[in-house]
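Read-outs throughout are calculated quantities, based only on the coordinates presented, and are distinct from any laboratory measurement. All figures in this text were calculated on a predicted structure; none of them were measured in a lab. Neighbour counts run over all protein chains shown; Cβ positions are idealised from the backbone, glycine included.
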Amino acid sequence: MAAPLDHRRNPDELLRRVQAEERREGRGRLKIFLGYAPRVGKSRRMFDEGRRRKQRGQDVVIAAAQPDLPPTDLEVIPPVDGVIDLPAIFRRHPEVCLIDQLSFHNPPASRNPERWQDVEEILNQGIHVITAVNVQYIEEQRAAVERFTGKRSLSSVPEKFLHEADEIEVVDAPPDLTMGDTRILAELRELALLLAADVVDRQLQEYLDSHGVSASWGAQERILVCLTPRSDARAMLESGQRNARRFHGALLVAYVEQSNLDPADRKRLEEHVKLASDLGAEVYTLKGQNFVETLLDFAHKQRITQLFLGHSQRDRSPLEKLIEAAEDFDVRLFPHVGQASACSSERSSEVGAGSDRGSDL
Amino acid sequence: MPPHLKIYLGYAAGVGKTYRMLEEAQALRAQGTDIVIAYFEPHGRQETIAKTEGLELIPRRVISYGGSQFEEMDTEAVILRKPAIAIVDEFAHSNVPGSRNTKRWQDVHELLAAGIGVLTTMNVQHLESLNDQVWQVTGIRVRETVPDWVVDEAAEVVLVDLTPRALRNRIERGVVYAPEKAHRALDNFFAEANLTALRELAIRHTAHEVEEKLQEPRREERILICLTGRPASANLIRRGKRLADYLRADCLAVHVSKAPEPAPDEAIERHLSFARNLRIQTHVVNNEDVPRTIADFARAHRVTQIFMGRSGARPWWKRFSETIVQQVVRQARDIQITIVAERRR
């Protein structure tokens, strides 16, 4: 499933945050400029910031720069054989280190194999770091990058490193012909923007959590597909996936455990859950006496913006109560299998379990 | 090549949109491009003002309104001067009454039609389709909006990013606002959560614009918005159109009037015209049976998804009768129906 996995309110995530908080004590602040290609201006933005900070009285040094660095009045601690000179930096102990090419792969037998690990050490000494990286060097993005470019970068930086940064800033500019194939560059540009949006979304969630704000809003579309025995699970899941992909939002799938289902409905529901898992979705099992309340509660906690459900097959169903109570998210009702009118079905309708018998809702 | 519109998109005052735009203007001038400043809002920011040095400035036009004098871009003068590229700050600006156009983006369209390329700036919260979401997040109802299609048609949208921390630092240092205004700003609109949410919207929107230009539009869905005179219809239109745009769906709107001869209803007319401004095809149908008419209209127009607002609060004596939403839901179980939330705070 292309939609990103949910990262909210899961125990591992909370633990990670607490640990990150502990690590941050006494640690330098990390700021990363994220770009999508060489020549978009990351390094320039980084050095501009270094210069401005120096003007404001901070003690700034350059620990790694590209060879074509324009003349600067900033102090340089020259790398040794391309590798950041950690002992020299620790002795000098500046306030801020500027480090270009975060993805640099150190030569064999260096203290650390990768430059980002050197940066970790510098941060642990309480020194702030400002650095720059291109999206194609982010470990988790390399497969996607390879699809566009046909090339796989050798060195990499784990995405986790971006998520743990205190600040990440996007360096955006439309691609121009001097930079290469503009189509490939546009793909990389989108990738970088979406990665940045995800980092920012986590920051927003962390901020809200740490300040005890429970907000029912967000900047991301969050779709919840609610599986029921008679609903057209495939249509809802496929549409959910397409919507989540188009909005670059999150897709969640859930069903409410109901004790009074007859065996045929139970079997159908199990098939729907299996289908969702096969499509790569994580399926939440909700427990509660009252279908409507249980679903509403989950939707609010997850800051859902769109709830997908099957149409009811009978009048006066709990569905009407749900629609009335669902005030802060959209409710989208889907025709049951075989009931979509020819014009409205997004795919050819199948003959299936559609019947006039009492529905699950 | 037709003249280009390039938008520098930010998420708040002070992120550096105008500065970035002027940087590019200077680079173009250095390459020998005939470029002028058609409108520039200095806001007393020294670094930005310094970037205008050496650029030709077309004087603004003075317009009197309500006993005061206002200055707007002199669109006519810019067209007469006919540079290759014009710098026009604050794309979402509403002109003072008595101007040639009500919105600056309409002035910009005139420049483009006259063969002049335009660089301009705007914040993501001025996008029409995000109006309700922005209000929900920040508590601010943005009045100056730009229809999404205007931004979608731009040749380029560039994100001007700055972290909220850096922006708040700039405000504290008095770079963005005068000191007495700065503190109020930091507590209100520029609160960190607001900025972070708006920033995410700006990044996601830029990604959306990049993607739109990468892919051929494929129309496979048709969305029908059911309009009424209720104020929430504006929210419904924005939300429906936003979903339609993201899903690359056609979008149409219908209002079903019960009266045989629809009396001109101001609220409904306003909503219909609002929808047309967003390039939604609108229809008015007269029929007593509103739910059936909506369902029939949807089938006749091969609609794949009906968008409806929630039914308003009902007086107690009507609690046991069905709402229009309930009736449409019953009549159109063969069509996807979306009941749109009313954004509240």
Given the candidates B:Gln133, B:Leu55, A:His163, the one whose Cα lies deepest towards the positive end of the charge dipole of the protein assembly as shown, counting +1 at each Lys or Arg C-beta and -1 at each Asp or Glu C-beta, is B:Gln133
Per GNM of chain B with C-alpha springs under 10 angstrom, the most fluctuating residue out of B:Ala182, B:Ala12, B:Ala275 is B:Ala182
Would you mind ranking A:Cys97, B:Cys251 by Cβ crowding within 10 Å, fewest neighbours first? B:Cys251, A:Cys97
Once phi for every residue in the stretch B:224-238 is put through the Karplus expression 6.51 cos²θ - 1.76 cosθ + 1.60 (θ = phi - 60°), the whole-Hz ³J(HN,Hα) values, with Gly and Pro written as x, are 10, 9, 8, 8, 10, x, 5, x, 5, 4, 4, 4, 4, 5, 4
Just how large is the dipole of the protein assembly as shown about the Cα centre, in debye to the nearest 20, putting +1 at every Lys and Arg Cβ and -1 at every Asp and Glu Cβ? 880 debye
From the square roots a ≥ b ≥ c of the eigenvalues of the alpha-carbon gyration tensor of chain A, which class results: rounded (a/c under 1.5), prolate (a/b over b/c), or oblate? prolate
Counted neighbours (other Cβ, 10 Å), sorted fewest up, put A:Thr182, B:Thr75 in the order A:Thr182, B:Thr75
Diffing the stretch A:226-239: the Karplus 3J(HN,Hα) column from phi (6.51, -1.76, 1.60, θ = phi - 60°), in whole Hz with x for Gly and Pro, holds 9, 7, 9, x, 9, 6, 7, 4, 5, 4, 5, 5, 5, 5
Using a simple charge model, +1 on the beta-carbon of Lys and Arg, -1 on the beta-carbon of Asp and Glu, nothing else, what dipole does the stretch A:11-210 show about its Cα centre, in debye to the nearest 20? 460 debye
To the nearest 10 degrees, the tilt of helix A:263-278 (Cα long axis) against the first principal axis of the alpha carbons of chain A is 20 degrees
Would you list which lysines come within 27 Å of A:Lys160, measuring only between C-alpha atoms, while excluding same-chain residues fewer than 8 positions from it? A:Lys31, A:Lys42, A:Lys151, A:Lys301
Under a point spin-label approximation (7 Å from Cα along Cα-to-Cβ), what is the A:Gln55-B:Arg141 distance to one decimal in nm? 4.2 nm
Rounded to the nearest 5, what % of DSSP beta bridges with both residues in the stretch B:26-114 are antiparallel? 50 percent
Cα extents of the protein assembly as shown along the three principal axes, largest first, in whole Å? 79, 68, 48
Angle between the Cα long axis of helix A:291-301 and the longest principal axis of chain A, 0 to 90 degrees, nearest 10? 10 degrees
Could you run the Karplus curve 6.51 cos²θ - 1.76 cosθ + 1.60 with θ = phi - 60° over the stretch A:180-190 and give me ³J(HN,Hα) per residue in whole Hz, x for Gly and Pro? x, 4, 5, 5, 4, 5, 5, 4, 5, 4, 4
Cut-off under 5 Å, modelled amide H: who pairs with B:Thr282 long-range: B:Ala253
List the residues, sorted by chain then number, that are 5 or more residues from A:Val76 or on another chain and whose placed amide H is less than 5 Å from its amide H. A:Ile62
Only sites in a loop by DSSP and with at most 16 other Cβ atoms within 10 Å count here; which trypsin sites (Lys or Arg not before Pro) in the stretch B:22-92 make the cut? B:Arg60
What does the extension gain come out to for A:Asn290 and A:Thr182, with contour length at 0.36 nm per residue minus their alpha carbon separation? 33.5 nm
Do any GluC sites (Glu not before Pro) in the stretch B:162-213 lie in a DSSP loop with no more than 16 other beta carbon atoms within 10 Å, and if so, which? none
How would chain B be classified by its alpha-carbon gyration tensor: rounded, prolate or oblate, with rounded meaning a/c under 1.5 and the a/b versus b/c comparison settling the rest? prolate
Please identify, among B:Ala25, B:Ala234, B:Ala155, the residue showing maximal mean-square fluctuation in a Gaussian network model of chain B using a 10 angstrom Cα cutoff. B:Ala155
Over the whole of A:163-173, what's the average partner chain Cβ count within 10 Å per residue? Rounded to a whole number, please. 4
Ordered by fewest other Cβ atoms within 10 Å, a rough proxy for footprinting exposure, B:His4, B:His109, A:His311 read B:His4, B:His109, A:His311
When the charge dipole of the stretch A:11-210 is computed with +1 on Lys and Arg Cβ and -1 on Asp and Glu Cβ about the Cα centre, the Cα farthest towards its positive end, among A:Pro38, A:Val76, A:Ser103, belongs to A:Val76
Given charges at Cβ of Lys, Arg, Asp, Glu: chain B dipole, positive-most of B:Asn277, B:Val108, B:Ala298: B:Ala298
Amide H of A:Glu114 versus every other amide H placed in the peptide plane: which residues, excluding those fewer than 5 positions away on the same chain, fall under 5 Å? A:Asn106
Would you please name the GluC sites (Glu not before Pro) within the stretch B:49-94 that are DSSP coil residues with at most 12 other C-beta atoms within 10 Å of their C-beta? B:Glu53
